[in-house]
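Q: I am attaching a structure below and will ask some questions about it afterwards.
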Amino acid sequence: MSSCATVTPSSAPLAERILLVGMMGSGKTTIGRMLAERLGWDYLDSDEQVCRNTGRSVREIFETDGEAAFRAEEKRALHQAVSGDQPAVVAVAGGAVLDEENRATLAQGGTVIWLDAPPEVLAGRVRAGSDHRPLLGDDAAAALERLDRERRPLYQELADVVVDAASKPANVVDRILRAIG
Ligand code: S3P
């Protein structure tokens, strides 16, 4: 560990944190906001944090500097999201799980909940040309199929709780609340 690393004193209370992971269109934002309201916790979103940190949109970063530059910003944003001392629900952008270090950050950062829905359901939800989802391209259904194949095992491995996210947001929120007790 480098001499400037920050270490949380063991006497400090650990913030309660729910980390929502899942594909684009799985409902992380909608469910996250509802859940945070029900719990009286903060709501955080890694994509929004990237925009705040850089002053640029996700699409702008992808188009100007490329995906790798976005992923570096995503990692920074994720660290910030799990470093707060207030209880929070965090919507974690869909691709953050691709990075091993991010997966460790998530595993240590709180209760990880995977909002699982099949790609064909996701395809019916995402808006073509959505400003913060350049990876969807012209054929969102095909892109979602491909990304789902690649990421499903990672979400599976990371999740403390798996919730069927194909149903209505209110039902999903109820299921999460029951699962976390
Ligand atoms: C991405 C998901 C998006 C956004 C970016 C890349 C991904 O966030 O971070 O377009 O790789 O799955 P949402 O999951 O919030 O849509």
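Q: Take the stretch 52-72 and flag every residue that is under 20 Å from Leu98 (Cβ atoms), in contact with a Ser or Thr (Cβ under 9 Å, 6 or more places away or on another chain) and either more than 8 Å from the ligand (Cβ to nearest atom) or assigned to a loop (DSSP other than H, G, I, E, B) (or both).
A: Of everything in the stretch 52-72, just one residue is under 20 Å from Leu98 (Cβ atoms), in contact with a Ser or Thr (Cβ under 9 Å, 6 or more places away or on another chain) and either more than 8 Å from the ligand (Cβ to nearest atom) or assigned to a loop (DSSP other than H, G, I, E, B) (or both), namely Ile61.
Q: Now for a different question. Any residue at all in the stretch 120-136 that's within 30 Å of Ser167 (Cβ to Cβ), crowded, with 20+ Cβ neighbours inside 10 Å and basic (Lys, Arg)?
A: There is at least one residue in the stretch 120-136 that is within 30 Å of Ser167 (Cβ to Cβ), crowded, with 20+ Cβ neighbours inside 10 Å and basic (Lys, Arg).
Q: Next question. Please pick out the residue among Ala96, Ala128 that is more than 19 Å from Glu16 (Cα to Cα), modelled with pLDDT of 95 or more and among the small types (Gly, Ala, Ser).
A: Ala96
Q: If you scan the stretch 92-131, which residues turn out to be in a loop (DSSP other than H, G, I, E, B) and under 13 Å from Arg71 (Cα atoms)?
A: Listed by number, the residues that qualify are Val92, Ala93, Gly94, Gly95, Asp99.
Q: Something else: Is it the case that Leu115 is over 20 Å from Ala36 (Cβ atoms) and either at pLDDT 95 or above or of a type in the set (D, E, K, R) (or both)?
A: no
Q: Another question about this same structure. Please find, within the stretch 137-162, the residue that is modelled with the lowest pLDDT out of those that are of a type in the set (Asp, Glu), surrounded by fewer than 17 Cβ atoms within 10 Å (Cβ to Cβ) and under 14 Å from Pro119 (Cβ atoms).
A: Looking at the filtered set, the residue picked out is Asp139.
The values are calculated or read from the model by the stated rules, or taken from the named source; none is laboratory data. Note that the structure is predicted; figures quoted are calculated from it, not measured. All Cβ positions, glycine included, derive from the backbone under ideal geometry; neighbour counts span all protein chains shown.
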